[in-house]
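The values are calculated or read from the model by the stated rules, or taken from the named source; none is laboratory data. Since we're looking at a predicted model, the values are computed, not measured. All Cβ positions, glycine included, derive from the backbone under ideal geometry; neighbour counts span all protein chains shown. Note: accessible area is taken over every heavy atom of the protein model, side chains too, but ligands, DNA and RNA are not part of it. Shrake-Rupley method; radii C 1.70, N 1.55, O 1.52, S 1.80 Å.
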Amino acid sequence: MIHLPRGTQDLLPGTTEKWQHVEAKFIELCRNFNYQEIRTPIFEHTELFQRGVGDTTDIVQKEMYTFQDRGDRTLTLRPEGTASVVRSFVQNKLFGQANQPQKLFYIGPMFRYERPQQGRWRQFVQFGIEALGSADPAIDAEVISLAMEIYKQLGLRSLKLVINTLGDQTSRENHRNALVEHFEPHKEELCSDCQVRLAQNPLRVLDCKKDREHPAMKTAPSILSYLTEEADAYFTKVKAFLDIMDISYHVDPNLVRGLDYYNHTAFEIMSDAEGFGAITTLAGGGRYNGLVEELGGPETPGIGFALSVERLLMALEAENIELPIDDALDSYVIAMGEKAELKTAELVNQLRQAGIQVDKDYQGKKFKAQFKAADRLKAKFVLILGENELAENKIEIKNMQTGEQVSISLPDIVSYLTEQIKKGGQ
RNA sequence: GCGGUCGUGGCGAAGUGGUUAACGCACCGGAUUGUGGUUCCGGCAUUCGUGGGUUCAAUCCCCACCGGUCGCCCCA
């Protein structure tokens, strides 16, 4: 037997309804916040991610699905959404549109070659938004509030919003130098990973789990003390907007994002729920002024976030939250005898054209078994058509909740059912 | 990519180097002819992730691979 590839999953009936529900929620919220959908290709030129996400990141160095096509182009299945959206923004000259900032959302599969485990797949679905063309701290808060609102409206309670600022170019350089200076004397005492980090990305040393207890960690310089006046003022305003929106947060100066393009505001939403294992991050995002330029566009500030739909559903499960999904069927038709079966095909067709959900048996089941099937499908009404009914041009209708059964003239069935379903729906 | 652990029917889960691989749920059929969700009876794995090897004999022993899961790395 051929199995699905490692790290991918089949979403089957029973689960897809949940996906549809949360996807509908995303779209509804984006409508409220006035974000519009953008759809970009699932693969792009590899160079886009090398330049956009960053050559030194883990994503680019060891996690991309890269391949040559038959025309010798080097292509990559997208590992994240922002680079593509920005590419499209630049290519389609969306910076020239009348309404700025451009507020966009996307939803779709992303691909990363990693060792799979609970909460981590090689193909996973991200929902994300990007606001391009505004350096107003209010929009940072808007992006964060949209992210939080999704979880809130779906009923999640155990959430933690962590924010930080990575500062601007100058802040980062000063901080970086301070970090290197601070840790260099202790280099030999740090773990091997940190020794590499110190050279490549000293920021990452800060959230090392092995060296957490090292005395130098406690006294390490914080980005917050190296912010330029502008960067500090910006962060203060973002926090003020969050306060005014009554969004609680925790400032973690060690919060680092794994993608190179971030600066200023960075944030993560995590779950506190039991049984979440090593994966606790539900969503991550931040500001990326400079990315549009990097990808060949005009100087344009940007901010966005992305969440994993899989992890969102895991969080719902961890908190035992049932989504309000209506999987009941309006009606089910049971036929007895050959003539009745022929008539049933016509009837089912009529009902469907009238917008009534209906199904019937296609397995030659006995009367009783057809009833069982109707019950399992949670049919609200069962229509029974046999020789007797046919002879009188009538049909029996049983309300499965109340058990009541009435006899209706066949020509009246559509109007009768339509009315009953309307009533029963309340 | 590294380390640990696990892999028996649709699901959950016993089990043993050797004639018929427990059990529960689900499913299918029946309990006098056309009425479900309860009960009772019956049925339902030539087969124990895949491929090799050891053995007279392996689902149970060994190896490899595949896959899940946990931790690390990193992230969504």
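Below are the figures for this structure:
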{"item": "Out-of-range pairs (alpha-carbon distance over 26 Å; input A:Lys25/A:Lys372; A:Lys160/A:Lys218; A:Lys394/A:Lys422)", "result": "A:Lys25/A:Lys372"}
{"item": "Unit charges at the beta carbon, dipole of chain A: most positive-side option, A:Ala391, A:Phe111, A:Leu146", "result": "A:Ala391"}
{"item": "A:Lys218 - accessible surface, heavy atoms, 1.4 Å probe, Å² rounded to 10", "result": "140 Å²"}
{"item": "Helix axis angle, A:16-33 relative to chain A longest principal axis, alpha carbon, degrees", "result": "60 degrees"}
{"item": "Surface accessible to a 1.4 Å probe, per residue, for the residues of the range A:49-167, Å²", "result": "41 Å²"}
{"item": "Apportionment of accessible area to carbon and sulfur, the range A:329-424, percent (1.4 Å)", "result": "49 percent"}
{"item": "Between the range A:1-69 and the range A:163-210, the alpha-carbon center distance in angstrom", "result": "31 Å"}
{"item": "Estimated FRET transfer efficiency when R0 is 60 angstrom, pair A:Glu189-A:Arg73 (beta carbons, to 0.05)", "result": "0.80"}
{"item": "Kirkwood Rh, angstrom, the range A:1-108 [1 / mean 1/r, Cα pairs]", "result": "16.5 Å"}
{"item": "Heavy-atom surface of the range A:329-424, accessible at 1.4 Å and reported per residue (Å²)", "result": "59 Å²"}
{"item": "Distance from the range A:310-348 to the range A:104-121 (C-alpha centre basis), Å", "result": "30 Å"}
{"item": "Quarter of Cα convex hull surface for chain A, i.e. mean projection, nm²", "result": "28.2 nm²"}
{"item": "Surrounding net charge for A:Glu346, when Lys and Arg each add one and Asp and Glu each subtract one, Cβ distance under 12 Å", "result": "+3"}
{"item": "Percent of Cα pairs exceeding the 12 Å cut-off, where the set is the range A:366-426", "result": "70 percent"}
{"item": "log10 of Debye I(q)/I(0), alpha-carbon scatterers only, for the range A:108-267 at 0.19, 0.21 Å⁻¹", "result": "-1.28, -1.34"}
{"item": "Semi-axes of the equivalent ellipsoid for the range A:298-391, Cα gyration tensor, largest first, Å", "result": "45, 18, 10"}
{"item": "Cα-based Kirkwood hydrodynamic radius, the range A:276-321, one decimal, Å", "result": "12.7 Å"}
{"item": "Between helix A:367-376 and chain A: long-axis angle, C-alpha atoms, 0 to 90°, nearest 10", "result": "30 degrees"}
{"item": "GNM top mover of A:Gln117, A:Gln36, A:Gln370 - chain A, alpha-carbon springs below 10 Å", "result": "A:Gln370"}
{"item": "Taking the C-alpha atoms of the range A:46-173, convex hull volume expressed per residue in Å³", "result": "167 Å³"}
{"item": "Phi to ³J(HN,Hα) by Karplus 6.51 cos²θ - 1.76 cosθ + 1.60 over the range A:138-155, Hz, x for Gly, Pro", "result": "5, 7, 4, 5, 5, 4, 5, 5, 5, 4, 5, 5, 4, 5, 4, 5, 8, x"}
{"item": "C-alpha long axis of helix A:169-183 to longest principal axis of chain A, angle in °", "result": "70 degrees"}
